[in-house]
Amino acid sequence: MSGDIVISSEDYKCTFAKLTNVNFKDNFCFKHCNLGIGVSFDNSTFDKKLGFYGSKASGFNKEFSNESTSLIINKCEISKLEFKQNNHFERGVNIKESLINELNISKLITEKGGIYIEGSTFEKKLDVGNTRLNGNGIIRIHKSKVHSKVRYQSINVSGITFTNTEFEKDVHIWGGESTDGIVFNENNFNDDVYIKGVKSSGSLTIRRDNFKKSVQIDFEDNKDGLLGRFKNIYISSVNFGISFTLNGANQEIESLLNAASQSLTGTVQFSSCSFKEAKIEGDNHKGNFVFNLCQFHKLTFKYFINFGNLILSSSAGIPNTNSEFQVYNSNLGKAQFFNVSLKRFDSVDIISSQVSEIITSGVAWFVDTSLLPSMPENSDKNKRKREIYRQLKQALEKQGDKIHALEFQAAELKSYEKQISTEAKFLNQNRIILWLGKTNDFGLNWVKPIKQVLIITLIFYFLIILTASDKLLLKPARNCFEVAETIIEFANFSYVLPQLINPARTLDRIFDSEANITLGFWAYLWDALQKIVLAFFIFQIISAFRKFIK
């Protein structure tokens, strides 16, 4: 057929129309036309344009189609397919096994169906804008080849799906809303993918795709005042040639599942995101996982083996929300923690995992009470805590961070002391050694042994004077006068007290020659014991002073 054909409602009186094996040499258009149930084109060619302008279709008839469609294009070749001027279809648009040079959809409304593209090829243009697909309407491209750029702009749909399709040029999705989310599954993208300002209460799912360049997702578009989000994000077995970057504008993401695998490559980066739950699992061989300026209510590494890179930078838990940092049956490898606040996590669980090779800088470490808080206080809990502290001590020693390594060493010994206190007898040798080590917090606190030695020296002072003075008896005072005499007697020998701090003293020389004393067995015994105790505490003080140069 040659010559432009424009069909209006006055020309179209069909319940539905089916056109098969027709060659349209010139433009073929429907303008402000009531298409009845719909129109289908099969095995036809359009050398110029097939257009729909302000037209509508409604109803359902099995003789027309068993599918929920108002327009069917099957095995056609179309130079330009165009929808403009507020077309309103009750059901969807179905394009199958067709070759289309340009597709331009603008201001299309469907009530029950979507836009379904399968087994088709697009050469120069694929644009969908200002379109609303009501009900469960989705826009889906399946098993197709797209040689042109793809533009989705300000579309409101139930979902956007790309499956088993080859994209030669960049893909842009801007604004609008996709209620159930966006799905990428087993596609090949040879250029960049951009998603900006898209609202969704559903999920972003990326599975087994091959992106030769980058994926850039921005929740916020400051220029146009758009703020989008995705409720959930799932990434699995994906090859990112360069990177996947999501800028979250501090919006809450309810769940993230990042499943690493041998096939996952490239950088996966999340910036300025607030995660209700983020889970990393699988074997990371070549991927780079980066979390920058993120907050977590729950961050979990489960059955995760890291041979690649994992970076947490300027991130933290959300305090006072029962926030959790969990590492289960994992090996974090050489994961890097930069300016991370583990202290802001209310609970830290590291179970059956390896963390001895992590690299840290500027980390605010968790407190002891936050470690394994849900476990009952028993030997097994303290054994697990001891192992965690040992691994962290080892990691920090490798980096030359002596200060925090010493703190973890002290925490390791405290946990061991608690462990054996529930396992061993009271007079167990290790238990006694660890109990003595607590006098300077296992080499960290020099003030504590000074206070203790002064108190113990004061006690020995009373014992030595009590056994040396002829005026004092080991009997209770009978009246106030005797109490006063006792106090005066101890005061008379007060000059002895500071001399007891000298470990090189001799007992007979610390008393005045005119003093009325008798130095017997008990006096020398208390003096000898005090020297032993004094020597021990001097060692503890020196040991704590030298903690940074050990």
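The values are calculated or read from the model by the stated rules, or taken from the named source; none is laboratory data. These numbers come from a predicted model, not from an experiment. Note that each Cβ is placed from the backbone with ideal geometry, even for glycine, and that neighbours are counted across all protein chains shown.
Taken together, Gly59, Gly38 contain a single residue that is more than 19 Å from Arg151 (Cα to Cα) and surrounded by 24 or more Cβ atoms within 10 Å (Cβ to Cβ), which is Gly38. Would you call Asn288 surrounded by fewer than 19 Cβ atoms within 10 Å (Cβ to Cβ) and in a loop (DSSP other than H, G, I, E, B)? No: the conditions fail for Asn288.
In the condition set (1) touching a residue at least 40 places away in the same chain (Cβ under 8 Å); (2) of a type outside the set (Phe, Trp, Tyr); (3) under 26 Å from Ile138 (Cβ atoms); (4) assigned to a strand (DSSP E or B), Asp224 is compliant with all but (4). Against the test of being under 23 Å from Phe230 (Cα atoms) and either touching a residue at least 60 places away in the same chain (Cβ under 8 Å) or not polar (S, T, N, Q) (or both), the options His297, His285 yield a single qualifying residue, His297.
Going by what's in this entry, would Glu90 be described as in contact with an Asp or Glu (Cβ under 6 Å, 6 or more places away or on another chain), more than 27 Å from Arg207 (Cβ to Cβ) and surrounded by 18 or more Cβ atoms within 10 Å (Cβ to Cβ)? Working first, answer last.
On the way: in contact with an Asp or Glu (Cβ under 6 Å, 6 or more places away or on another chain): yes; more than 27 Å from Arg207 (Cβ to Cβ): yes; surrounded by 18 or more Cβ atoms within 10 Å (Cβ to Cβ): yes.
So Glu90 fits the description; yes.
Annotation: Ser178 fulfils all but one of (1) buried (at least 17 other Cβ atoms within 10 Å of the Cβ); (2) of a type in the set (Ser, Thr, Tyr); (3) more than 24 Å from Leu126 (Cα to Cα); the unmet one is (3).
Do we find a residue being among the charged types (D, E, K, R), modelled with pLDDT of 70 or more and touching a helix residue (DSSP H, G or I) at 6+ places or on another chain (Cβ under 7 Å) anywhere in segment 534-550? The answer is no; no qualifying residue exists.
Quick check on my filter: what residues within segment 15-31 are within 15 Å of Cys76 (Cβ to Cβ) and in a strand (DSSP E or B)? The answer is Ala17, Lys18, Leu19, Thr20, Asn23, Phe24, Phe28.
Within segment 35-68, track down each residue that is of a type in the set (A, V, I, L, M, F, W, C), in a strand (DSSP E or B) and closer than 11 Å to Phe16 by Cβ. Working first, answer last.
Going through segment 35-68, the residues of a type in the set (A, V, I, L, M, F, W, C) turn out to be 35, 37, 39, 41, 46, 50, 52, 57, 60, 64.
From what is left, the residues that are in a strand (DSSP E or B) are 39, 41, 46, 50, 52, 57.
Hits for segment 35-68 are Val39, Ala57.
When Ile138 is tested against (1) more than 23 Å from Ser203 (Cβ to Cβ); (2) in contact (Cβ under 8 Å) with a residue 40 or more places away in the chain, just one condition goes unmet, and that condition is (1).
List the strands (runs of 3 or more DSSP E) that sit entirely inside segment 311-370 and contain at least 1 residues that are modelled with pLDDT under 95, of a type in the set (S, T, N, Q) and not assigned by TED's automatic domain parsing to the domain that holds Gly287.
Qualifying strands (runs of 3 or more DSSP E): none found.
Among the residues of segment 234-269, the ones that are surrounded by 24 or more Cβ atoms within 10 Å (Cβ to Cβ) and in contact with a His (Cβ under 9 Å, 6 or more places away or on another chain) come to 2 in all.
All of Ile217, Ile173 fail the test of being part of a strand (DSSP E or B), within 31 Å of the chain's Cα centre (by Cα), at pLDDT 95 or above and under 28 Å from Asn86 (Cα atoms), apart from Ile173.
Yes or no, residue by residue, for (1) part of a helix (DSSP H, G or I); (2) in contact with a strand residue (DSSP E or B) (Cβ under 9 Å, 6 or more places away or on another chain); (3) modelled with pLDDT of 75 or more; (4) of a type in the set (Phe, Trp, Tyr):
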| site | (1), (2), (3), (4) |
| --- | --- |
| Thr422 | yes, no, no, no |
| Ile432 | yes, no, no, no |
| Lys448 | yes, no, yes, no |
| Asp512 | no, no, no, no |
